[in-house]
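Student: Next up is a structure, given as structure tokens.
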2 protein chains.
Amino acid sequence: MSPVEITPRHVRARDARDAAPLFAALGDETRLALLGRLSSGGPGSIAHLAHGSKVSRQAITKHLEVLSFAGLVTSEKQGRERVWKLAPERLAAAHAYLDHISRQWDDALERLKTFVEE
Amino acid sequence: MSPVEITPRHVRARDARDAAPLFAALGDETRLALLGRLSSGGPGSIAHLAHGSKVSRQAITKHLEVLSFAGLVTSEKQGRERVWKLAPERLAAAHAYLDHISRQWDDALERLKTFVEE
DNA sequence: GAAATAAGCAACCAAATCGTTGCACATCGC
DNA sequence: GCGATGTGCAACGATTTGGTTGCTTATTTC
């Protein structure tokens with residue numbers, strides 16, 4: 001990994017319109033748990049991911065569809081199973097957007113501080 | 001700013017239960033726009049923030065309450081106005097959580113890669 | 001003190017969200 | 001082929017969300 005990374009255009013969330021759906025997809029406990037499970041356990045089928053969950057298989061399917069729509073996971077049909085896995089690019093986009101507003105906030109708070117001190 | 005920063009405990013989102021409401025609060029275009037406005041324009045009253053917005057003053061009030069509940073903004077009554085401003089700590093928490101899952105994803109993908117290569 | 005401005009409160013509405021159940025369809029293993 | 005397993009699809013229901021309007025209350029300002 002190179003010390004300086006340039007975030008590629010296609011993973012950057014340019015503005016609120018891009019970023020909001022992404023954060024909305026992350027804004028659910030069950031979905032964050034799913035991402036955690038895919039991360040620690042590797043790719044898995046719906047039944048596998050639903051096993052041990054509080055909610056039904058169909059609920060898990062819906063959550064996976066939401067994550068998929070946000071671009072955070074992808075799936076592939078393998079035999080009678082559909083196997084889901086992480087799609088890291090859009091997570092990088094969320095990251096980039098948070099970095100973006102963090103910098104904005106830092107600047108804003110710095111300006112305020114300067115203003116108060118003057 | 002020191003080169004190495006240790007994220008304080010109180011701004012860290014420890015698990016999905018902490019982080020989900022935070023992302024949910026960020027998962028709305030209008031709210032992201034509000035945060036952007038507070039960031040670029042500094043603290044502002046409700047009427048000020050609502051001016052030029054697509055939605056009504058009351059809608060803005062509700063969005064500010066959501067952001068406030070998530071800990072992303074705070075307000076203070078000044079005369080007949082209520083002035084809202086950014087609260088950077090919880091944004092840092094969202095940031096920390098994204099960092100956390102980014103690392104998890106990197107590790108997971110690395111393990112997968114290794115597994116495939118073996 | 002009266003008009004204007006800023007905000008708070010409550011009721012209401014439409015649509016989205018999160019969950020369920022029931023059933024159909026596809027595929028695997030014997 | 002047949003049962004078991006994994007998924008897809010559709011309908012339904014409860015709750016939340018995002019928005020509105022109307023009215024009241026508080027504070028300035030002239």
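The values are calculated or read from the model by the stated rules, or taken from the named source; none is laboratory data. Predicted model only: the values in this text are computed from it and were never measured. Glycine gets a Cβ as well: all are built from the backbone with ideal geometry, and neighbour counts include every protein chain shown. Side chains included, ligands, DNA and RNA excluded: accessible areas come from the protein's heavy atoms. Shrake-Rupley method; radii C 1.70, N 1.55, O 1.52, S 1.80 Å.
Student: Please specify each residue of segment A:88-103 satisfying the condition of being in contact with a Gly (Cβ under 8 Å, 6 or more places away or on another chain) and surrounded by fewer than 17 Cβ atoms within 10 Å (Cβ to Cβ).
Tutor: A:89, the sole residue that qualifies.
Student: So residue A:115 clears everything in (1) among the aromatic types (Phe, Trp, Tyr); (2) open to solvent by 20 Å² or more (accessible area, probe 1.4 Å); (3) at pLDDT 90 or above except one condition, right? Which one?
Tutor: Condition (3) is where residue A:115 drops out.
Student: Provide a single number: the residues in segment A:40-54 that are in a helix (DSSP H, G or I), near DNA strand D (Cβ under 9 Å from one of its atoms) and open to solvent by 60 Å² or more (accessible area, probe 1.4 Å).
Tutor: Residues meeting the conditions: 2.
Student: While we're here: Only one of these is within 11 Å of another protein chain (Cβ to nearest Cβ) and farther than 20 Å from residue A:23 by Cβ: A:111, A:103, A:80. Name it.
Tutor: Of the residues listed, the single one that is within 11 Å of another protein chain (Cβ to nearest Cβ) and farther than 20 Å from residue A:23 by Cβ is A:111.
Student: Looking at B:37, B:31, B:57 in this structure, which one is within 12 Å of DNA strand D (Cβ to nearest atom) and surrounded by fewer than 18 Cβ atoms within 10 Å (Cβ to Cβ)?
Tutor: B:57
Student: Let me ask something else. Please name all residue pairs, on different chains or six or more residues apart, with Cβ atoms under 9 Å, provided the first residue is in segment B:73-87 and is touching a residue at least 40 places away in the same chain (Cβ under 8 Å) and the second residue is within 12 Å of DNA strand D (Cβ to nearest atom) and assigned to a strand (DSSP E or B).
Tutor: Matching pairs, first to second residue: B:83/B:45; B:83/B:77; B:84/B:45.
Student: Any idea how many residues of segment B:15-40 are within 8 Å of another protein chain (Cβ to nearest Cβ) and of a type in the set (Val, Ile, Thr)?
Tutor: 0
Student: Scan segment B:69-89 and tell me whether some residue there is assigned to a helix (DSSP H, G or I) and within 13 Å of DNA strand D (Cβ to nearest atom).
Tutor: yes
Student: Restricting to segment A:60-70, name every residue that is open to solvent by 20 Å² or more (accessible area, probe 1.4 Å) and either within 18 Å of residue A:23 (Cβ to Cβ) or hydrophobic (A, V, I, L, M, F, W, C) (or both).
Tutor: A:63, A:65, A:66, A:68, A:69
Student: Inspect all residues belonging to segment B:19-26 and state whether any of them is surrounded by fewer than 17 Cβ atoms within 10 Å (Cβ to Cβ), in a helix (DSSP H, G or I) and away from DNA strand D (no atom under 13 Å from the Cβ).
Tutor: Checking segment B:19-26: not a single residue is surrounded by fewer than 17 Cβ atoms within 10 Å (Cβ to Cβ), in a helix (DSSP H, G or I) and away from DNA strand D (no atom under 13 Å from the Cβ).
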